[in-house]
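Values quoted throughout were computed directly from the atomic coordinates according to the rules given, and no laboratory measurement underlies them. This is a predicted model, so every value here is computed, not measured. Quick reminder, even Gly has a Cβ in these numbers, built from the backbone with ideal geometry, and neighbours come from all protein chains shown.
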Amino acid sequence: MTARVLSPLLLLLGVLLFFLALGNHQLQNSTEPRVAGIAMEMHLSDNWVTPKLNDQPFLEKPPMSVWLD
């Protein structure tokens with residue numbers, strides 16, 4: 001097979017393997033549920049600047065760390 005045919009097939013296989021099991025596992029360590037809760041509150045309140053956890057400002061880390069997680 002040529003590279004022109006093989007490259008898209010490998011890309012498709014990689015995408016399928018990545019997205020197939022996405023969301024099939026629990027939150028792993030003690031920080032993941034907290035970060036997920038902060039991200040959910042940011043999304044629901046449309047306040048992307050001040051992270052909150054249980055309606056209290058969570059200022060131990062900058063908001064960008066939550067955006068990237």
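Relative contact order of region 20-69, taken over Cα pairs closer than 8 Å and 6 or more residues apart, is 27 percent.
Taking a label point 7 Å from the Cα of TRP67 along the Cα→Cβ vector, which residues of region 28-57 have an amide N closer than 13 Å to it? Only 47-51 fall inside the zone, counting backbone N under 13 Å. Between the Cα long axis of helix 31-45 and the first principal axis of the chain there is an angle of about 80°, rounded to the nearest 10. Protection proxy ranking for 15-28, 50-63, using the average of other Cβ atoms within 10 Å per residue and placing the highest first: 50-63, 15-28. The amide H of LYS52, built 1.01 Å from its N in the peptide plane, has MET42, PHE58 as neighbours under 5 Å, considering only residues 5 or more places off or on other chains.
Kirkwood hydrodynamic radius for the chain: how many Å is it when counted over pairs of different Cα atoms? Answer for the chain: a Kirkwood hydrodynamic radius of 14.7 Å.
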